[in-house]
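The values are calculated or read from the model by the stated rules, or taken from the named source; none is laboratory data. Just so we're clear, the structure is a prediction, and the values are computed from it rather than from any experiment. Because the Cβ atoms are built from the backbone with ideal geometry, glycine has one as well, and the counts that use them run over all protein chains shown. These area figures cover heavy atoms from the full protein model, side chains too; ligands, DNA and RNA do not enter into them. Shrake-Rupley method; radii C 1.70, N 1.55, O 1.52, S 1.80 Å.
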Amino acid sequence: MTRLLTCLLTALALLSGCALDKEEALRAQLSAWVDLGETFFFQSSMSCTAAVFHTAENPRITSLVGRARSLNTGMKMLEAGQPVLFAVSGKSPNAVTEDIMSRDLPQGLGVLNSGLAGVSCMTDLVKSVYYQAIRNPASSLVFVPETGAMVVLDKQAMALIYVRGNG
């Protein structure tokens, strides 16, 4: 019995080590882009990561992330493998993703997949916050092609939402 318990604990320890992201490392990466407050939610598994961090009042993404004020510019930056802040006036993150899909389906599917895959790691409350944020034209969308991560800054909710899938 003791051997079985030891094996189960070892398997659990190995599985927890297989998460896509570690909260501390993710926080360090994102803190270079946005002034983060407390962690509201963090869940990472082998297949997805979802995180929500509180932000300061009037949060903004630093100039360390390239800005694209047009879809064409953003798509060129994505093709070059650069993280991109889509600052397309009047467009929600969801609308930007739809526009990318209509211009370049494979690239659009990559962005969409990031947003959808991370939902598997969310609770119902976090899903609600996330869906509200991606439909809000005041929210900002950052896509990180290197990791396939999608970051949504919801200034009204003072929240930074990070989602990523394995693939």
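Against the test of being of a type in the set (A, V, I, L, M) and part of a helix (DSSP H, G or I), the options V96, V142 yield a single qualifying residue, V96.
With the requirement that a residue be in contact (Cβ under 8 Å) with a residue 60 or more places away in the chain and either surrounded by fewer than 13 Cβ atoms within 10 Å (Cβ to Cβ) or farther than 13 Å from Y162 by Cα (or both), what does segment 38-54 give you? Result: S45, M46, S47. Taken over segment 110-167, residues that are polar (S, T, N, Q) and free of Cβ contacts under 8 Å to residues at least 24 places away in the same chain amount to 3. Applying the selection to segment 124-149, what residues are among the aliphatic types (A, V, I, L, M) and within 15 Å of the chain's Cα centre (by Cα)? Hits for segment 124-149 are V126, V129, A133, I134, L141, V142, V144, A149. Test S70 against the stated conditions and say whether it is more than 23 Å from E23 (Cα to Cα) and out of contact with any helix residue (DSSP H, G or I) (no Cβ under 7 Å at 6 or more places or on another chain). Yes, satisfied. Figure legend. Inter-residue proximity from segment 58-74: first residues open to solvent by 30 Å² or more (accessible area, probe 1.4 Å), second residues at pLDDT below 90, beta-carbon distance below 7 Å, spacing 6+ or different chains. Indicated pairs: R67/A87; R69/A87; R69/V88; S70/V88. Of note, D21 does not satisfy the criterion of being under 25 Å from S63 (Cα atoms), of a type outside the set (S, T, N, Q), at pLDDT below 95 and open to solvent by 60 Å² or more (accessible area, probe 1.4 Å). Of the strands (runs of 3 or more DSSP E) lying entirely inside segment 20-76, those carrying at least 2 residues that are under 15 Å from the mean Cα position of the chain (by Cα) are 36-44, 48-55.
Of all residues in segment 84-93, exactly one satisfies the criterion of being modelled with pLDDT of 90 or more, in a loop (DSSP other than H, G, I, E, B) and either buried (at least 20 other Cβ atoms within 10 Å of the Cβ) or hydroxyl-bearing (S, T, Y) (or both), namely S92.
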